[in-house]
């Protein structure tokens, strides 16, 4: 029984793979991963440095707010330090660092990726719908053409009808003589 189940499993898997959808999906996942990296690079390396420059920081991920004491134990203002140094110094003076710059960067990254995926999905769905409509119209046209091409009842001329009647009467006469 177990051998039969294995055969059925592998046969089902083979059919699943041979449909082609799996390969399309795998290509989509790979392209999606690469596209995500491209968008992340655009956000991290182009957009965010421009925004960070507006705030006077080297990196947008270094933007943060301080809750509590604003200076480190040695008197250095926490907002003049980088994020990692500010976190370390804030721990010594019971200050809390909210690293909102990194959060904003991740949100922007997500929104751009989601927007482009949405566009791709819309294009794909519209394409599928268009092909389905074309197939439906072609099927309908083929059905209408088949109906139009159906042979009509053959038209029998009066001469043929008369000859058929004569033949039938002759048959009847011959049957009566036997």
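FYI, it's all coordinate maths here, none of it is from the lab. Being a predicted model, the structure only gives us computed values, none of them experimental.
For the reader, a short list of remarks on this structure follows.
- Alpha carbon centroid spacing (whole Å) that separates segment 94-115 from segment 118-178: 68
- The value of relative contact order for the chain, using C-alpha pairs under 8 Å at least six residues apart, is 15 percent.
- For the chain, calculated [θ]222 nm from helices alone, where every DSSP H run of n ≥ 4 adds -39500 (n - 2.57): -25000 deg cm²/dmol
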